[in-house]
Amino acid sequence: DACLLKGVSMNRLRWMALFELALFVVSIGLDVMIPSLIIIGVGIVFARLRNEKIELFGQNTENRKMYFFVQMIGLGVALTLLDFCIVIPLLNHLTGTTQDMNIFSQLKGNKEMLLILLAYSWVVAAIMEEVAYRGFFQNRIISMFSNRKLGMIIAVITTSVLFGIMHSEQGVVGMVNTALDAVIFSVIRHRYKTVWASVLVHGFSNTIGIIAFYFAGPLYGLW
């Protein structure tokens with residue numbers, strides 16, 4: 001009887017997880033409000049229904065040391081250089097198109113817009129997107145697999161593709177580049193065992209790009 005009850009409970013949790021994932025995908029597909037905010041809200045609700053402790057930010061005390069913060073700045077710089085020196089130029093030449101940068105068209109020399117975009121990039125892009133995609137979304141996919149490594153691979157691929165699709169307004173180059181960035185954010189998040197790692201790298205990378213656009217206008221790769 002105990003085994004039967006355990007099996008029923010596991011089956012119920014599995015169906016709950018599938019329904020939760022479906023809600024995540026629907027929020028992205030319909031682009032409802034801010035999809036990341038919907039994912040976070042749904043993730044919190046289902047975690048409470050399962051009486052599950054939400055662990056996204058890790059327990060490793062080393063992550064609170066200054067060198068961790070410096071490392072994340074370095075990774076943010078490295079990712080920005082990788083994007084603008086290699087990935088974006090290659091995608092431009094391969095597709096014959098460029099990333100849609102209309103959102104940054106009025107940024108050059110505009111201090112008010114600079115502050116607004118910096119705040120947005122940290123709150124909505126860095127924090128909310130990382131908590132949603134590299135946090136709740138990936139954790140739920142991983143929980144569906146008994147083999148954690150396989151679950152992690154599928155979680156990274158799935159969420160990265162959806163993350164790229166979510167940025168469809170940036171065109172093909174923007175979607176592919178964003179999906180590739182998402183893979184890197186995922187690797188960093190799991191390497192350091194905390195979403196704070198990907199939040200900081202995402203935030204610093206965006207900050208560098210926005211400041212560059214403020215001084216030089218939209219950039220479409222360095223060659």
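Report every pair of residues separated by at least 6 positions or lying on different chains whose Cβ atoms are under 8 Å apart, first residue within the range 73-91 and surrounded by 15 or more Cβ atoms within 10 Å (Cβ to Cβ), second in a helix (DSSP H, G or I) and of a type in the set (Asp, Glu).
Taking only residues 6 or more apart or on different chains, the pairs are Leu79/Asp181; Asp83/Asp181.
Give, as residue ranges, the helices (runs of 4 or more DSSP H) completely inside the range 133-223 that count at least 3 residues that are open to solvent by 60 Å² or more (accessible area, probe 1.4 Å) and out of contact with any strand residue (DSSP E or B) (no Cβ under 9 Å at 6 or more places or on another chain).
It comes to 148-166, 171-191, 195-216.
Would you please list the contacts, defined by Cβ atoms under 9 Å and residues six or more apart or on different chains, that run from a residue in the range 151-163 that is of a type in the set (Val, Ile, Thr) to a residue that is assigned to a helix (DSSP H, G or I) and open to solvent by 50 Å² or more (accessible area, probe 1.4 Å)?
Val156/Val183; Val156/Val187; Ile157/Val183
Return yes or no: is Gly41 surrounded by 15 or more Cβ atoms within 10 Å (Cβ to Cβ), assigned to a helix (DSSP H, G or I) and free of Cβ contacts under 8 Å to residues at least 24 places away in the same chain? Spell out how you get there, then give the answer.
On the way: surrounded by 15 or more Cβ atoms within 10 Å (Cβ to Cβ): yes; assigned to a helix (DSSP H, G or I): yes; free of Cβ contacts under 8 Å to residues at least 24 places away in the same chain: yes.
Yes: the conditions hold for Gly41.
Out of everything in the range 14-38 that is in contact with a Lys or Arg (Cβ under 9 Å, 6 or more places away or on another chain) and surrounded by 15 or more Cβ atoms within 10 Å (Cβ to Cβ), what residue ends up being modelled with the lowest pLDDT?
Checked the range 14-38; the qualifying residue modelled with the lowest pLDDT is Ala17.
Return a yes/no flag: does the range 153-167 have any residue that is more than 28 Å from Asn92 (Cβ to Cβ) and touching a helix residue (DSSP H, G or I) at 6+ places or on another chain (Cβ under 9 Å).
As a first pass, look at the range 153-167 and keep what is more than 28 Å from Asn92 (Cβ to Cβ): 153-155.
In the following step, the residues that additionally are touching a helix residue (DSSP H, G or I) at 6+ places or on another chain (Cβ under 9 Å) were identified as 154-155.
Yes, that holds for at least one residue.
Please go through (1) small (Gly, Ala, Ser); (2) crowded, with 19+ Cβ neighbours inside 10 Å; (3) in contact (Cβ under 8 Å) with a residue 40 or more places away in the chain for Gly109 and return the number of the only condition it doesn't satisfy.
(2)
Note down all Cβ pairs under 8 Å where the first residue falls in the range 195-223 and is in contact (Cβ under 8 Å) with a residue 24 or more places away in the chain and farther than 17 Å from Leu117 by Cα, the second is among the charged types (D, E, K, R) and buried (at least 19 other Cβ atoms within 10 Å of the Cβ), and they're at least six residues apart or on different chains.
Val195/Glu130; Val195/Arg134; Val195/Arg189; Ala197/Arg189; Ser198/Glu130; Ser198/Arg134; Ser198/Arg189
The values are calculated or read from the model by the stated rules, or taken from the named source; none is laboratory data. Treat the numbers as computed from the prediction; the structure is a model and nothing was measured. Ideal geometry is used to build each Cβ from the backbone, glycine not excepted, and the neighbour counts take in all protein chains shown. Each accessible area value is taken on the protein alone, full model and side chains, heavy atoms only, with ligands, DNA and RNA left out. Shrake-Rupley method; radii C 1.70, N 1.55, O 1.52, S 1.80 Å.
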